[in-house]
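I have placed the structure first, in the form of structure tokens, so that the comments after it can refer back to it.
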Amino acid sequence: MPLLDRALLGPGPSNPYPEATLALAAPLLGHLDPEFLRTLDSTCARLRRVWGTENARTLPLSGTGSIGMEAAFANFARPGDVVVVGVNGLFGERMVDVAGRYGAEVVRVDHDWGRPVDTQRLLDAHPEPSMVAAVHAETSTGVRSDIKELARAVHARDQRALVLADCVTSLGGIEVDIDSWGVDIAYSGTQKCLGVAPGLAPFTVSERAWDRRVQRPPTWYLDLNLIGAYVDGSSGGRTYHHTAPVAMIASLDAALGRILDEGLEAVHERHHAAGRLLHEGLVDLGLELFAAEGHRLPELTTVRVPEGVDSAKVRQVLLTEYGIEIGAGVGAFASSVWRIGLMGHNARPDRVALVLGALRAVLGR
């Protein structure tokens, strides 16, 4: 790890696992080098295990988590398709924006920020949507929504509707089980619980959804028909699409290997344990948690800024004097909420003790 080891990186990038950092520093291979292609195959196979899926089309897209969001709508939402989106934070808002840009008829279902999306409200929003989309772990509010319940309810009512899940802040931190839940399309990001630098978007799509893909999306770069031919040779041989970010994929492969070696259940429990400690410690400091009880993420905690406290000043002192970076809130909560991340390498009791001790000192508690 670098000498300057930021303890917490708010809702943004987590400190990478050491294995991921070392892989980034390894000598570079060409993106068509046989050894790199073997690494790419390994990465896709490991992603299937972490996603909990047998989906053949499971791959890392070249770009951050937002590329995953855009690829989902570009390849599976046609102009005029009805897309129901549960909005309970910033990234639900972004889903609405992106889907609309691809011509979908977007039906947004708004919820109070800090609350999970309500399955019945999404079902009631439209009788025959082409897609129902929601954020599993809302990065802006620290709230977990029940995607398992949502997917099963949508499919029980309408076998034609696709279910899309944003798992940017959940994959590798809390349970994600794509196949058993019945999720059709999902995307994530490397910089959260996977403990890799930002730059890739793990993506997975079911055969059911693939059969309903847009044959020629209005974007060349995100056309999964073309990318898939490069990644898995689905055209009868690997076809060059774009220059893959070889160092990032090697880093992701190493991090996934480290996660699987530890065991997914153990990794999830480590995140839950660290989250519980942080939640309890913040309450002991007299602070109020923002997200609804019973739906709080262990990997990203939102806490209300105490009355009369300058949010920006506290975050500045934490950064400059303690080497701890926590995030501000978003939108209407920019100055009234803090976001504290315990993801990947940072989901450990010593990190909890560090941030609680620093907050106690800065707040004079």
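Below are the figures for this structure:
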read-out: Sole residue being of a type in the set (Val, Ile, Thr), in a loop (DSSP other than H, G, I, E, B) and more than 16 Å from the chain's Cα centre (by Cα), chosen from Thr39, Thr53; value: Thr53
read-out: Subset of segment 308-358 that is basic (Lys, Arg) and farther than 17 Å from Lys192 by Cβ - its residue that is surrounded by the most Cβ atoms within 10 Å (Cβ to Cβ); value: Arg315
read-out: Selection count, segment 158-196, where residues are in a loop (DSSP other than H, G, I, E, B) and either surrounded by fewer than 20 Cβ atoms within 10 Å (Cβ to Cβ) or charged (D, E, K, R) (or both); value: 8
read-out: Failed item in (1) part of a loop (DSSP other than H, G, I, E, B); (2) aromatic (Phe, Trp, Tyr); (3) under 26 Å from Thr219 (Cα atoms), with Phe91 passing the rest; value: (1)
read-out: Every pair of residues 6+ apart whose Cβ atoms lie under 8 Å, when the first sits in segment 220-246 and is under 22 Å from Tyr102 (Cα atoms) and surrounded by fewer than 16 Cβ atoms within 10 Å (Cβ to Cβ) while the second is hydrophobic (A, V, I, L, M, F, W, C) and modelled with pLDDT of 70 or more; value: Trp220/Leu226
read-out: Residues of segment 103-126 that turn out to be closer than 18 Å to Ala151 by Cα and of a type outside the set (Ser, Thr, Tyr), as a count; value: 13
read-out: Number of the condition not met by Val337 [criteria: (1) without any contact (Cβ under 8 Å) to a residue 12 or more places away in the chain; (2) under 20 Å from Glu93 (Cβ atoms); (3) of a type in the set (Val, Ile, Thr)]; value: (1)
read-out: Matching residues, segment 56-84, being surrounded by fewer than 18 Cβ atoms within 10 Å (Cβ to Cβ) and not in a loop (DSSP other than H, G, I, E, B); value: Ser66
read-out: Qualifying positions in segment 137-157 - assigned to a loop (DSSP other than H, G, I, E, B) and surrounded by fewer than 24 Cβ atoms within 10 Å (Cβ to Cβ); value: Asp146
read-out: Condition check for Arg339: modelled with pLDDT of 95 or more, within 24 Å of Ala20 (Cβ to Cβ) and not in a helix (DSSP H, G or I); value: yes
read-out: Filter result for Arg108 (in a helix (DSSP H, G or I) and surrounded by fewer than 22 Cβ atoms within 10 Å (Cβ to Cβ)); value: no
read-out: Residue within segment 85-93 that is buried (at least 16 other Cβ atoms within 10 Å of the Cβ) and under 25 Å from Leu252 (Cα atoms) present; value: yes
read-out: Segment 176-190: number of residues that are under 11 Å from Trp51 (Cβ atoms), touching a Phe, Trp or Tyr at 6+ places or on another chain (Cβ under 8 Å) and hydrophobic (A, V, I, L, M, F, W, C); value: 3
read-out: Scan of segment 259-305 for residues that are surrounded by 18 or more Cβ atoms within 10 Å (Cβ to Cβ), among the charged types (D, E, K, R) and assigned to a helix (DSSP H, G or I), ordered by number; value: Arg270
read-out: Some residue of segment 121-136 being closer than 30 Å to Asp253 by Cβ, surrounded by 24 or more Cβ atoms within 10 Å (Cβ to Cβ) and in contact with a Cys (Cβ under 9 Å, 6 or more places away or on another chain); value: yes
read-out: Residue within segment 291-305 that is over 18 Å from Gly89 (Cβ atoms) and either touching a residue at least 40 places away in the same chain (Cβ under 8 Å) or not aliphatic (A, V, I, L, M) (or both) present; value: no
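The values are calculated or read from the model by the stated rules, or taken from the named source; none is laboratory data. Keep in mind that this is a model prediction, so the values were computed, not measured. Neighbour counts are summed over all protein chains in view; Cβ atoms, including those assigned to glycine, are modelled from backbone coordinates with ideal geometry.
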